[in-house]
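*Asks:* Sharing a structure here in structure tokens format.
The values are calculated or read from the model by the stated rules, or taken from the named source; none is laboratory data. Treat the numbers as computed from the prediction; the structure is a model and nothing was measured. Ideal geometry is used to build each Cβ from the backbone, glycine not excepted, and the neighbour counts take in all protein chains shown.
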Amino acid sequence: MLVISVEAAQQKISERLAPLSSELVKIEDANGRVLAEQLQSDRNLPPFNRSTFDGVALCYQSVARGLRSFPVIGTAYAGSPRIELNNLDSCVEIMTGAPVPENASCVIKIEDLKIEDGIATLNDGVELFEGVGIHPLGSDCPAGNVLLKPGCTLSAKELSIAASIGKSQLLVSQIPRISIVTTGDELVDICASPLPHQIRRSNDLVLQFALQSAGYQNVSRHHILDNLAETETTVQSILRDTDILILAGGVSRGKRDFLPAALESVGVGKTFQWVSQRPGKPLWFGYVDRNGKRTLVFALPGNPVSCFTCLHRFVLPALAEITGKSACPPQIVKLRGEFSFAPPLTLFLPVSLSCDETGQLWAVPLPFNTSGDFISVAQTQGFVELPCSESVFPEGSSHRFYKWSV
């Protein structure tokens, strides 16, 4: 039995990932998708010197020469073409968002002046400087500037940028098709009344909710009884229409753990099956290439904590990579209290987080009783990864933290 390290498992997975294709979608359908193109400003933003106040626009040099009253020669509205200030000793009444007239170099707020009989007079004590009240041409972004890079997940703020440069369609990564398969005669539907020897099936729902919370909505669920022929037939059928197959249970060394043999029989090549970690030592990974497309297969342990942890440590990073999501490395947190773990395994330790007055995040260990103890995990926000090279982890030691995606 070949057991590999967590680092080796991660490396082997990364080496076998293939990016999903991209597709063009309407901007209305792009929320939550991963951008697959670079967006650049098509013009200066703002595209003109823009008034930030309602008031009057005038030439500052006239004010500097001592003028306090100015004839109003016109009105500039938002959405109207720019007008010209021909007489530098006059002014133009202007609205917020309107183009500042040519030759005008400042805008005075309406509350800082009074307009009577077509004459705008500055209030006593109003202090001005050149450029006040003007949002300068190109000050937000010059034409050709990169606004968004491939890999960002599109939300309202990114889509507002896309709309501002006229992108009615966006190139995005395809949504991965994910299939979840649970196995086991002991598992029954959550609506059923389980017999003493049965338990309700929860892993598939938990995996689906976690995947959807992480932004992956195209998820289907299936259940297979402990039967080799049924396992082979079902897996073969699912592989035709999925990008990632996630199996929960049936990958250890029990007499009815048929998945490894079934996967091999339908052409899925095994990359590894055992990882030096707790929880989740029986972690099977492989892939199959068909018709120019690669399907990844993760067979996770059936115990709830192991299954949930391996999803976050291995499957979600793989999904992020094939969809082109920008890398988001785990946070580094400090351990609250000394913790000991003797076995030479990498430990994924559930923790709750606290923050001190300096902003430092501390991880408080909340170890699970067994890898089936999902109730205790509900009290945590994620887990820290404790390396197998050590057995005693002092308070204040720094470790990588992986957040649950629920």
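*Asks:* Here are some residues: Phe53, Phe70. Which one is buried (at least 16 other Cβ atoms within 10 Å of the Cβ) and at pLDDT below 95?
*Replies:* On inspection, the qualifying residue turns out to be Phe53.
*Asks:* Output the number of the condition that Val6 fails; it satisfies all remaining conditions of (1) out of contact with any helix residue (DSSP H, G or I) (no Cβ under 8 Å at 6 or more places or on another chain); (2) farther than 30 Å from Val126 by Cα; (3) among the hydrophobic types (A, V, I, L, M, F, W, C).
*Replies:* Among (1) out of contact with any helix residue (DSSP H, G or I) (no Cβ under 8 Å at 6 or more places or on another chain); (2) farther than 30 Å from Val126 by Cα; (3) among the hydrophobic types (A, V, I, L, M, F, W, C), the lone unmet condition for Val6 is (1).
*Asks:* I've got another one for you. Could you go through segment 238-251 and let me know if any residue there is out of contact with any strand residue (DSSP E or B) (no Cβ under 6 Å at 6 or more places or on another chain) and either modelled with pLDDT under 85 or under 25 Å from Asp189 (Cβ atoms) (or both).
*Replies:* Looking through segment 238-251, at least one residue is out of contact with any strand residue (DSSP E or B) (no Cβ under 6 Å at 6 or more places or on another chain) and either modelled with pLDDT under 85 or under 25 Å from Asp189 (Cβ atoms) (or both).
*Asks:* Across segment 105-121, what is the total count of residues that are more than 51 Å from the chain's Cα centre (by Cα) and under 12 Å from Val56 (Cβ atoms)?
*Replies:* Counting residues in segment 105-121 that are more than 51 Å from the chain's Cα centre (by Cα) and under 12 Å from Val56 (Cβ atoms) gives 6.
*Asks:* Scanning for something closer than 16 Å to Phe308 by Cα, part of a helix (DSSP H, G or I) and outside the structural domain of Ser391 (by TED's automatic domain parsing), does segment 213-232 turn up at least one residue?
*Replies:* yes
*Asks:* When you scan segment 296-406 for helices (runs of 4 or more DSSP H) that lie fully inside it, which ones turn up with 1 or more residues that are of a type in the set (Phe, Trp, Tyr)?
*Replies:* 304-310, 374-377
*Asks:* Another question about this same structure. Quick one: His312 ticks every box in (1) modelled with pLDDT of 90 or more; (2) over 20 Å from Gln208 (Cβ atoms) except a single one, so which number is it?
*Replies:* Of the numbered conditions (1) modelled with pLDDT of 90 or more; (2) over 20 Å from Gln208 (Cβ atoms), the odd one out for His312 is (2).
*Asks:* Tally up the residues in segment 166-184 that are in contact with a Ser or Thr (Cβ under 9 Å, 6 or more places away or on another chain), of a type in the set (A, V, I, L, M) and either surrounded by fewer than 21 Cβ atoms within 10 Å (Cβ to Cβ) or over 30 Å from Val235 (Cα atoms) (or both), please.
*Replies:* So the answer is 2.
*Asks:* Has segment 353-373 got at least one residue that is outside the structural domain of Phe209 (by TED's automatic domain parsing), on the phi < 0 side of the Ramachandran plot and surrounded by 22 or more Cβ atoms within 10 Å (Cβ to Cβ)?
*Replies:* Scanning segment 353-373 turns up at least one residue that is outside the structural domain of Phe209 (by TED's automatic domain parsing), on the phi < 0 side of the Ramachandran plot and surrounded by 22 or more Cβ atoms within 10 Å (Cβ to Cβ).
*Asks:* Give the residue, chosen from Glu93, Glu111, Glu127, that is more than 30 Å from Asn31 (Cα to Cα) and part of a helix (DSSP H, G or I).
*Replies:* Glu111
*Asks:* Hey, can you tell me all the residues within segment 185-221 that are in contact with a Lys or Arg (Cβ under 7 Å, 6 or more places away or on another chain) and either more than 25 Å from Thr234 (Cβ to Cβ) or not aliphatic (A, V, I, L, M) (or both)?
*Replies:* Asp189, Pro194, Asp204, Gln208, Asn218
*Asks:* Restricting attention to segment 144-165, and to residues there that are more than 13 Å from the chain's Cα centre (by Cα) and in a strand (DSSP E or B), which single residue is surrounded by the most Cβ atoms within 10 Å (Cβ to Cβ)?
*Replies:* This residue is Leu148.
*Asks:* Could you tell me whether Glu102 is within 45 Å of the chain's Cα centre (by Cα), assigned by TED's automatic domain parsing to the domain that holds Ser160, surrounded by fewer than 14 Cβ atoms within 10 Å (Cβ to Cβ) and among the acidic types (Asp, Glu)?
*Replies:* For Glu102, the condition - within 45 Å of the chain's Cα centre (by Cα), assigned by TED's automatic domain parsing to the domain that holds Ser160, surrounded by fewer than 14 Cβ atoms within 10 Å (Cβ to Cβ) and among the acidic types (Asp, Glu) - is not met.
*Asks:* List the number of the failed condition for Ser80; all other conditions in (1) in the same structural domain as Lys114 (by TED's automatic domain parsing); (2) surrounded by 13 or more Cβ atoms within 10 Å (Cβ to Cβ) hold.
*Replies:* So Ser80 meets the others, but not (2).
*Asks:* Okay, moving on. When residues of segment 9-28 are filtered for being within 30 Å of Thr346 (Cα to Cα) and either touching a residue at least 24 places away in the same chain (Cβ under 8 Å) or β-branched (Val, Ile, Thr) (or both), how many remain?
*Replies:* 9
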